[in-house]
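The values are calculated or read from the model by the stated rules, or taken from the named source; none is laboratory data. Since we're looking at a predicted model, the values are computed, not measured. Glycine also receives a Cβ, built like all others from the backbone with ideal geometry; neighbour counts cover every protein chain displayed. Quick note on the areas: whole protein, heavy atoms, side chains included, nothing else; ligands and nucleic acids left out. Shrake-Rupley method; radii C 1.70, N 1.55, O 1.52, S 1.80 Å.
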Amino acid sequence: MRLTRVICRNFRSLTSVDFTPGPGVNVIHGQNAQGKTTLLEAVLYAATTKSHRTAAETELVRHGEDRFHVRIEAEHDGESLDIEANWWNGAKRFKVNGVAQGRLSDLLGRLKVVLFCPDDVALVKGSASVRRRLMDMELSQLQPVYLAALQQYRQALRQRNELLRAAAPDGEMLDVWDVQLVRHGQTLMEARAAFVAELSELAEGVYRTIAGNESLSMAYLPDVRRAEDLAATLARARAADLRQRMTGRGPHRDDLELLIDGQPARVFGSQGQQKSAVLALKLAEVELVRRRAGVWPVLMLDEVLAELDPERARRLFAAVPEGVQSLITTTQPEHPLRGGVPAPDMFRMEGGRLERE
């Protein structure tokens, strides 16, 4: 799968951008605060209906405007895909191949993308919610059954928490929501366990390519060790939940840990090791998407070359599978060439406007 065109109107600083990327490596360079990251953000938003930088879509509109428009065109095996994202005065609408989408969740998985950004180091040392979001976003793009279970689980969790905050919670209704949490939570836990095991296997090889002889592995850390124990755990925790007026146990408390040579990367890893671990994880995602969906996703690397010497940059790009389309932003346009990228398509971003070189 590859992008063939990206159009942005009034998306953050992008007044008017019409981007035609090449099928291989595309380098978008320019000084800071010129709109490079915003271009990747626009692609991500159209593909997933979400930004990685904010949950408030009012922040995505160019100052002084009341709407924005993003359109991405892609192709795979001769078939074309056209996604339009429009937002105005608080309302957002998406179209796929000209057809309005009734549910935003229906867009997930149409255009598969993998994004690395500097803030992704939080996958190593940030909160568990960051790592759960990684699992949820990837699995939602790959498995419609997972997305449906996730939506049902979150709905049941909201209803149960509202009931716990009531003046006199109804025990029978809590039983009803417990059944829903167990049913859908089991689907989440089983899918996450399989996902992490496969991702860990793939990431180890990528990490060795980037970092040398060190090993990388990942461990799924479920809040409840076995899916069949979830009902019993909820029952035992009910008294505490009533006191705290919230659901304290379940898959919404799951975590994922990255380990370098068997030690937690968040504790023992250097800054360079942590960044290499996250890059390996992202490149492993690329291969996992191909395995499960049969297509290469679009790989977007935001300022990935910062602080990488030419040798490590060469190793990084050697780990990118042949045939993957990539969009790379950088303030150092000469660095990718030294890093071993053959004949990339070069673009310059300045003041929210993009030009091919």
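Regarding the stretch 199-215, can at least one residue be identified that is touching a residue at least 60 places away in the same chain (Cβ under 8 Å), on the phi > 0 side of the Ramachandran plot and surrounded by fewer than 17 Cβ atoms within 10 Å (Cβ to Cβ)? No - not one qualifying residue is present in the stretch 199-215. Please indicate, with yes or no, whether at least one residue in the stretch 27-35 is outside any loop (DSSP other than H, G, I, E, B) and out of contact with any helix residue (DSSP H, G or I) (no Cβ under 8 Å at 6 or more places or on another chain). No, the conditions are met nowhere in the stretch 27-35. Those strands (runs of 3 or more DSSP E) of the stretch 252-357 in which at least 1 residues are under 28 Å from Ser13 (Cα atoms), considering only elements entirely within it, cover 298-302, 326-330, 345-350, 353-356. Among the conditions (1) under 24 Å from His52 (Cα atoms); (2) among the charged types (D, E, K, R); (3) surrounded by 14 or more Cβ atoms within 10 Å (Cβ to Cβ), Arg158 misses just one, which is (3).
For the stretch 59-103, the tally of residues that are polar (S, T, N, Q), modelled with pLDDT under 95 and surrounded by 15 or more Cβ atoms within 10 Å (Cβ to Cβ) stands at 1.
For the stretch 27-37, a tally of residues being more than 13 Å from Glu350 (Cβ to Cβ) and at pLDDT 95 or above returns 1. Among the residues of the stretch 272-298, the one identified as over 19 Å from the mean Cα position of the chain (by Cα) and in contact (Cβ under 8 Å) with a residue 60 or more places away in the chain is Gln273.
The residue that is nearest to the chain's Cα centre (by Cα), counting only those in the stretch 120-140 that are in contact (Cβ under 8 Å) with a residue 24 or more places away in the chain and open to solvent by 20 Å² or more (accessible area, probe 1.4 Å), is Met137.
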